[in-house]
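Visitor: One structure follows; several queries about it will come next.
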């Protein structure tokens with residue numbers, strides 16, 4: 001697993017207070033990890049801060065799973 | 001009741017009569033208070049009046065967006081603890097009839113009385129949502145509901161504050177963070193002391209409780225909304241106007 005994926009996972013575990021084993025790439029923040037809409041906004045802001053990237057509103061809306069977040073941040077970092 | 005021991009409160013506009021009373025009452029209930037305003041020397045005097053313990057001072061000009069953005073972090077730094085209570089009390093007026101009102105009179109009032117409270121709420125909420133606790137009380141005015149000739153800008157800002165508070169209360173509710181408004185009517189301050197006697201009598205004549213309000217009347221409402229006892233009150237506007245407008 002990439003460094004970015006590790007860090008994303010850690011942020012999700014910390015923020016949502018869920019077990020690490022549940023934070024699979026396919027896990028949906030809302031459907032599988034019990035997040036509400038405010039949690040997803042806070043998560044996006046935590047990603048922005050941790051990775052020093054900006055995630056615009058339209059992109060943030062499409063980040064619904066752990067994998068979505070990892071892919072988006074990896075693409076930003078590669079660009 | 002209304003015990004605020006170990007709570008940190010930031011009061012903006014703490015140099016004014018109402019702000020001073022709010023700070024004094026929060027402090028009397030045990031809170032650590034951070035006084036903010038533009039005049040540093042007056043802030044220091046106010047801090048001294050509170051005895052110097054559990055009181056801090058941060059000067060800030062809220063017409064500067066960056067200053068508003070940073071104020072919460074600066075307050076937490078001087079207090080050495082996260083913010084529990086934010087009181088948006090700072091405000092100014094640029095009264096004149098609309099046909100004479102300049103764009104600058106409009107935008108200055110909207111900036112200081114509406115945009116800066118928003119910036120302070122935004123900054124405070126980030127931490128409060130994470131900590132699952134917090135109280136935000138914004139001081140509006142009866143004219144935000146009734147309107148007032150000569151105050152189109154001020155009334156718009158204060159009405160805006162109510163709509164903003166209701167929206168933020170919905171966003172923050174699931175985290176136990178409450179946001180409410182206190183809307184004072186005619187309060188006796190240095191500003192109203194200079195009114196002619198006849199005009200004051202007329203004003204008082206329109207108030208069922210037959211007197212001007214005091215800064216402490218407003219501050220007591222703030223203490224209630226800041227307390228644990230008000231845990232189930234959010235998005236509300238508490239009118240403190242002696243019955244002048246029953247709304």
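What follows draws every value from the coordinates through simple rules; no lab data is involved. Treat the numbers as computed from the prediction; the structure is a model and nothing was measured. No Cβ is skipped: glycine too gets one built from the backbone with ideal geometry, and neighbour counts run over all protein chains shown.
Visitor: So how far apart, in nm, are the two label points at residue B:70 and residue B:171 if each is 7 Å from Cα heading toward Cβ?
Guide: 2.3 nm
Visitor: With axes computed from alpha carbons, what is the tilt in degrees of helix B:17-28 against the longest principal axis of chain B, rounded to the nearest 10 within 0 to 90?
Guide: The answer is roughly 30 degrees.
Visitor: Another one. Among B:180, B:148, B:89, which one shows the biggest mean-square fluctuation in a GNM of chain B, springs joining Cα atoms closer than 10 Å?
Guide: Maximum among the listed residues: B:148.
Visitor: Let me ask another. Using only alpha carbon pairs under 8 Å that are at least six residues apart, calculate the relative contact order of chain B and give it in whole percent.
Guide: This gives 20 percent for chain B.
Visitor: Right, here's the next one. At 7 Å along Cα-to-Cβ for each site, give me the label-to-label distance between residue B:201 and residue A:48 in nm.
Guide: A separation of 5.9 nm, rounded to one decimal place.
Visitor: Relative to the longest principal axis of the C-alpha atoms of chain B, give the angle of the C-alpha long axis of helix B:116-131, reported between 0 and 90° and rounded to the nearest 10°.
Guide: Between helix and principal axis, roughly 30 degrees.
Visitor: By how many degrees, between 0 and 90 and to the nearest 10, does the Cα long axis of helix B:40-49 differ from the longest principal axis of chain B?
Guide: For helix B:40-49, the angle is close to 70 degrees.
Visitor: Let me have the relative contact order for chain A, percent, based on Cα pairs under 8 Å that are six or more residues apart.
Guide: 35 percent
Visitor: Which stretch or stretches of region B:39-76 have amide N atoms under 20 Å from the point lying 7 Å from residue B:92's Cα along the Cα→Cβ direction?
Guide: Label zone hits: B:39-44, B:58-72.
Visitor: Alpha carbon centre of region B:1-63 versus region A:40-64: separation in Å?
Guide: Region B:1-63 and region A:40-64 have Cα centres separated by 36 Å.
Visitor: Okay, next question. Grab the beta carbon distance between residue B:214 and residue B:126, set R0 = 30 Å, and tell me the FRET efficiency rounded to 0.05.
Guide: It comes to 0.30.
Visitor: Now, a different point. Highest GNM mean-square fluctuation, chain B, Cα pairs closer than 10 Å: which of B:165, B:189, B:38?
Guide: In this elastic network of chain B, the residue with the biggest mean-square fluctuation among B:165, B:189, B:38 is B:189.
Visitor: Here's something else I'd like to know. Using the Cα gyration tensor of chain B, with a ≥ b ≥ c the square roots of its eigenvalues, what is the shape: rounded (a/c below 1.5), prolate (a/b larger than b/c) or oblate (neither)? The partial results should precede the final answer.
Guide: Values: a/c = 1.42, a/b = 1.37, b/c = 1.04.
Here chain B falls in the rounded category.
Visitor: Rounded, prolate or oblate for region B:130-204? Axes are the square roots of the Cα gyration tensor eigenvalues, ordered a ≥ b ≥ c, and the cut-off for rounded is a/c under 1.5.
Guide: prolate
Visitor: Still on this structure, please answer the following. Under a 10 Å cutoff between Cα atoms, tell me which one of B:11, B:233, B:58 has the largest fluctuation in the Gaussian network model of chain B.
Guide: Comparing B:11, B:233, B:58 in the GNM, the peak value goes to B:233.
Visitor: Continuing with the same structure: Quick one: B:197, B:49, fewest Cβ neighbours within 10 Å first, how do they rank?
Guide: In increasing order of surrounding Cβ atoms, one gets B:197, B:49.
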